[in-house]
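Asks: Here it is, the structure, as structure tokens.
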Amino acid sequence: MNIDRNAPVGVFDSGIGGLTVAREIMRNLPSEKIVYFGDTARVPYGSKSRETVIRYSRQIIHFLQEQKVKAIVVACNTASAFALEAVQEEFDIPILGVIEAGAKVAAQVTRNKRVGIIGTEGTVGSGIHAEVLKKIDPEITVIGKPCPLFVPLVEEGWTHDPVTVEVASRYLRELQEKDIDTLRSLLRSTIGQIMGEGVTLVNPAYETALELGRLLKEQDMQSTGQGQSDFPYRFYVSDLAEKFKGFANSILPFDVEKT
């Protein structure tokens, strides 16, 4: 397959939380262009069936291929859990999820081999994190805790709000009692505050950006930076464009216009 190394990378999520992954790609792979798609009309994916999530993922990948992307990052935990294997087999393009990269680091840094996982009902219930971690190290015990309110709180922009601290404290109490020493997490500053210094937080967004960098290098697909436009990032959503724009502008280092 003849790939244009200066083509963009596609990134998609069920909503806007995947912008944290896009942000880490921008920081760590600054010469790469990005096309981001947020499926804001159909969020959340966590409460939907595997078949539905695969169907949605397939539709979005077709759209991203029309944008001539060279690789795709599934920046959604639920889609990574339910659809990644199916779409990797189906499409002739490198596709990464957000689970494997974070799992590798969690397995490396845990000392007592007790790793906590938080996410949507669908992600935690799928057991995919435990499966991936146990492949890396069969001695690891995985303690999952569904935290369905985290995504709406982040999307509301309430990352440092007392309400979020209260919700997080309630969710995390169970994990605190289970003596975990490593946790994959969103809302890092709030969760770090609650869990304390004894728990290492793994940032799946950062680890996924590094994994993408390794993949592009291995396949000789790194951008040369040539033909770079003034604004090398494009954003698409299926609904609620103004809300998306507001959240994007709160976490990205530049002003996002609707596309």
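Asks: For the stretch 78-115, how many residues are over 23 Å from Gly15 (Cβ atoms), not in a loop (DSSP other than H, G, I, E, B) and not basic (Lys, Arg)?
Replies: Number of matching residues: 8.
Asks: So, of the residues in the stretch 114-147 that are of a type in the set (D, E, K, R) and open to solvent by 60 Å² or more (accessible area, probe 1.4 Å), which turns out to be nearest to the chain's Cα centre (by Cα)? Before you say what the answer is, go through the steps one by one.
Replies: The initial filter retains those residues of the stretch 114-147 that are of a type in the set (D, E, K, R), namely 114, 121, 131, 134-135, 137, 139, 145.
In the following step, the residues that additionally are open to solvent by 60 Å² or more (accessible area, probe 1.4 Å) were identified as 114, 121, 131, 134-135, 139.
On the way: Arg114: 22, Glu121: 16, Glu131: 18, Lys134: 21, Lys135: 21, Glu139: 26 Å.
If we take residues in the stretch 114-147 being of a type in the set (D, E, K, R) and open to solvent by 60 Å² or more (accessible area, probe 1.4 Å), then Glu121 is nearest to the chain's Cα centre (by Cα).
Asks: Would you pick out the residues in the stretch 51-81 that are without any contact (Cβ under 8 Å) to a residue 60 or more places away in the chain, over 20 Å from Glu207 (Cβ atoms) and not acidic (Asp, Glu)?
Replies: Those that are without any contact (Cβ under 8 Å) to a residue 60 or more places away in the chain, over 20 Å from Glu207 (Cβ atoms) and not acidic (Asp, Glu): Thr52, Ile54, Arg55, Tyr56, Ser57, Arg58, Gln59, Ile60, Ile61, His62, Leu64, Gln65.
Asks: Taking the stated definitions as given, is Thr110 surrounded by 22 or more Cβ atoms within 10 Å (Cβ to Cβ) and over 26 Å from Lys48 (Cα atoms)?
Replies: Details: surrounded by 22 or more Cβ atoms within 10 Å (Cβ to Cβ): yes; over 26 Å from Lys48 (Cα atoms): yes.
It is true that Thr110 is surrounded by 22 or more Cβ atoms within 10 Å (Cβ to Cβ) and over 26 Å from Lys48 (Cα atoms).
Asks: Still on this model: Would you mind finding the one in Leu216, Leu172, Leu210 that is aliphatic (A, V, I, L, M) and surrounded by fewer than 18 Cβ atoms within 10 Å (Cβ to Cβ)?
Replies: Values: Leu216 fails: surrounded by fewer than 18 Cβ atoms within 10 Å (Cβ to Cβ); Leu172 fails: surrounded by fewer than 18 Cβ atoms within 10 Å (Cβ to Cβ).
One residue alone meets the criteria, Leu210.
Asks: Please go through the stretch 175-189 and pick out each residue that is assigned to a helix (DSSP H, G or I) and buried (at least 22 other Cβ atoms within 10 Å of the Cβ).
Replies: The initial filter retains those residues of the stretch 175-189 that are assigned to a helix (DSSP H, G or I), namely 175-177, 188-189.
Once the filter is applied, which keeps residues that are assigned to a helix (DSSP H, G or I) and buried (at least 22 other Cβ atoms within 10 Å of the Cβ), the stretch 175-189 yields only Leu175.
Asks: May I pose another question? Look at Glu32 and say whether it is acidic (Asp, Glu), in contact (Cβ under 8 Å) with a residue 40 or more places away in the chain and either more than 12 Å from Gly122 (Cα to Cα) or surrounded by fewer than 16 Cβ atoms within 10 Å (Cβ to Cβ) (or both). Walk me through how you get there before you give the answer.
Replies: Working: acidic (Asp, Glu): yes; in contact (Cβ under 8 Å) with a residue 40 or more places away in the chain: yes; either more than 12 Å from Gly122 (Cα to Cα) or surrounded by fewer than 16 Cβ atoms within 10 Å (Cβ to Cβ) (or both): yes.
So Glu32 fits the description; yes.
Asks: Taking the condition of being at pLDDT below 85, open to solvent by less than 20 Å² (accessible area, probe 1.4 Å) and out of contact with any Ser or Thr (no Cβ under 6 Å at 6 or more places or on another chain), how many residues in the stretch 1-22 meet it? Quick ask: steps written out before the conclusion?
Replies: Keep residues of the stretch 1-22 that are at pLDDT below 85, which gives 1-3, 15-17.
Now narrow it down to the ones that are open to solvent by less than 20 Å² (accessible area, probe 1.4 Å): 15-16.
Narrowing the set further to residues that are out of contact with any Ser or Thr (no Cβ under 6 Å at 6 or more places or on another chain) leaves 16.
Summing the residues that are at pLDDT below 85, open to solvent by less than 20 Å² (accessible area, probe 1.4 Å) and out of contact with any Ser or Thr (no Cβ under 6 Å at 6 or more places or on another chain) in the stretch 1-22 gives 1.
The values are calculated or read from the model by the stated rules, or taken from the named source; none is laboratory data. Every value quoted in this text rests on a predicted model; they were computed, and no experiment measured them. Glycine also receives a Cβ, built like all others from the backbone with ideal geometry; neighbour counts cover every protein chain displayed. Just the protein is used for accessible areas: all its heavy atoms, side chains included, with ligands, DNA and RNA removed. Shrake-Rupley method; radii C 1.70, N 1.55, O 1.52, S 1.80 Å.
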